[in-house]
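**Student:** Have a look at this one.
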Protein chains: 2
Amino acid sequence: MESTTERTTVPAGEGRAVRVAAGRRVRVVDLEGGQVGDLFAFAAGDPRERLSAAHTRSVTSRLFPEVGEAFVTDRRRPILVLAGDASPGSHDMLIAACDPARYAALGVPEHRSCARNLELALAELGIEVAVTPQPVNVFMRIPVQESGRLRWLPAESRAGDSITFEAAMDCVVVVSACPQDMVGINNDRPTPLAIDVW
Amino acid sequence: MESTTERTTVPAGEGRAVRVAAGRRVRVVDLEGGQVGDLFAFAAGDPRERLSAAHTRSVTSRLFPEVGEAFVTDRRRPILVLAGDASPGSHDMLIAACDPARYAALGVPEHRSCARNLELALAELGIEVAVTPQPVNVFMRIPVQESGRLRWLPAESRAGDSITFEAAMDCVVVVSACPQDMVGINNDRPTPLAIDVW
């Protein structure tokens, strides 16, 4: 099965989009370790329908699905199923994609961002979306404290760790190797990811 | 000050929109107790800019702002400041608005919903939006367990309890008195809310 894997490398700080047919699997690999990926998914037939973190929390009654559970769209239709997790298991669906406004506040308005990476990656496929959805932040470590306070901790994924999804519909999956190098979530050094589809 | 309060009653299961100028205060009152309100806010100048739960969590590093903190838009600009909370303090920004897909899954596709209430309330002001944002669910009790599991508990607000915001920009605020009567969040009986602006 692995022999037919198509690998797309996502260079450090950049984003890439892949088309994934229903029933195929898509895996995000942390090539060097300690790197967050912002993942987005859109229905191939109508990219206005997209993976929704809020609807996924509502349907699963969890902050993040467990293996075997589905991420659903804003129309509550399964789009990706969490098929496997070969990582320490810290992932996030609470934090927005970094964007020009975030970096402007940090004093570097021209900095690359996951929001802009999403736009550029979709444009390669001729797709435009009006709104940046809440991403699925793979390998991102944002523990929730009892008080409701969120902590921002460095990703603890190791080189070769991965998270695997099965497409529940024909979809477009975008992964941005988060370019954030001004807070510690990527261990201060953005590195590449890979997207495997098989 | 209270003498100039304009009250808009939100009938049980319905939604209403109000315009709120920068610096004015808007208060959501639970008239009979135990009722969830789905609150949305949009920039008056361009309703494509709207209160974003994800960006608010990111900026505050909290699941829900504390009194004195701001809810921000998807452009990370403050839109409402949490000015006061005269309720037991349970509010939610994790759960999506109920919508026709939710009720279709419960077997009643024609049921009223907060998503549809939002559309109808905005249409009264001649506003249309492409996407239903993640709402601020006032009085909604969704505790997060250490495992990441979310519990759905009945609202514990009492008659007359309220939550107050100060507008940080000219905005449109929509409140839906959640029509959910098939799970217990509204104590099985949807009741009215009020929106006070002063």
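Derivation of every value follows stated rules applied to the coordinates shown; laboratory data play no part. None of the values given here were measured: they were computed from a predicted structure. All Cβ positions, glycine included, derive from the backbone under ideal geometry; neighbour counts span all protein chains shown.
**Student:** From other protein chains only, count the Cβ atoms within 10 Å of every residue's Cβ in A:68-77, then give the mean.
**Tutor:** What the average comes to for A:68-77 is 2.
**Student:** Further question on the same structure: Nearest 0.05, what FRET efficiency do residue B:189 and residue A:7 give at R0 = 41 Å with Cβ-Cβ as r?
**Tutor:** With R0 = 41 Å, the Cβ-Cβ based efficiency is 0.15.
**Student:** Right, next: Give the Cα extents of the protein assembly as shown along the principal axes, in whole Å, largest first.
**Tutor:** 71, 49, 40
**Student:** Where nothing but the Cβ of Lys and Arg (+1) and of Asp and Glu (-1) is charged, how large is the charge dipole of chain A around its Cα centre, in debye to the nearest 20?
**Tutor:** 360 debye
**Student:** Using the Cα centre of chain B as origin and beta-carbon charges of +1 (Lys, Arg) and -1 (Asp, Glu), tell me which of B:98, B:133, B:87 is placed farthest towards the positive end of the dipole.
**Tutor:** Among B:98, B:133, B:87, the one farthest towards the positive end of the dipole of chain B is B:133.
**Student:** Further question on the same structure: Report the label-to-label distance for residue A:147 and residue B:22 in nanometres (one decimal), using points 7 Å from each Cα along the Cα→Cβ vector.
**Tutor:** 3.2 nm
**Student:** In addition: Along Cα→Cβ, 7 Å out, is where each label goes; now give me the distance between the ones at residue A:46 and residue A:86 in nm to one decimal.
**Tutor:** Label at residue A:46, label at residue A:86, 3.7 nm between them.
**Student:** Here is a further query. About its Cα centre, what dipole magnitude does the stretch B:23-74 give when the only charges are +1 on Lys and Arg Cβ and -1 on Asp and Glu Cβ, stated in debye to the nearest 20?
**Tutor:** Working: 7 positive and 8 negative charges, 29 e Å.
Computed charge dipole of the stretch B:23-74: roughly 140 debye.
**Student:** Pick out which of A:15, A:126, A:84 has the largest mean-square fluctuation in a Gaussian network model of chain A, springs linking Cα atoms closer than 10 Å.
**Tutor:** Highest fluctuation of the listed residues: A:126.
**Student:** Here's a follow-up. Among B:155, B:86, B:70, whose mean-square fluctuation peaks in a Gaussian network model of chain B (Cα, cutoff 10 Å)?
**Tutor:** Sorting by GNM fluctuation, first place goes to B:86.
**Student:** Could you list the square roots of 5 times each eigenvalue of the Cα gyration tensor of the stretch A:1-147, that is, the equivalent ellipsoid semi-axes, sorted largest first and rounded to whole Å?
**Tutor:** Values for the stretch A:1-147, descending: 22, 20, 18 Å.
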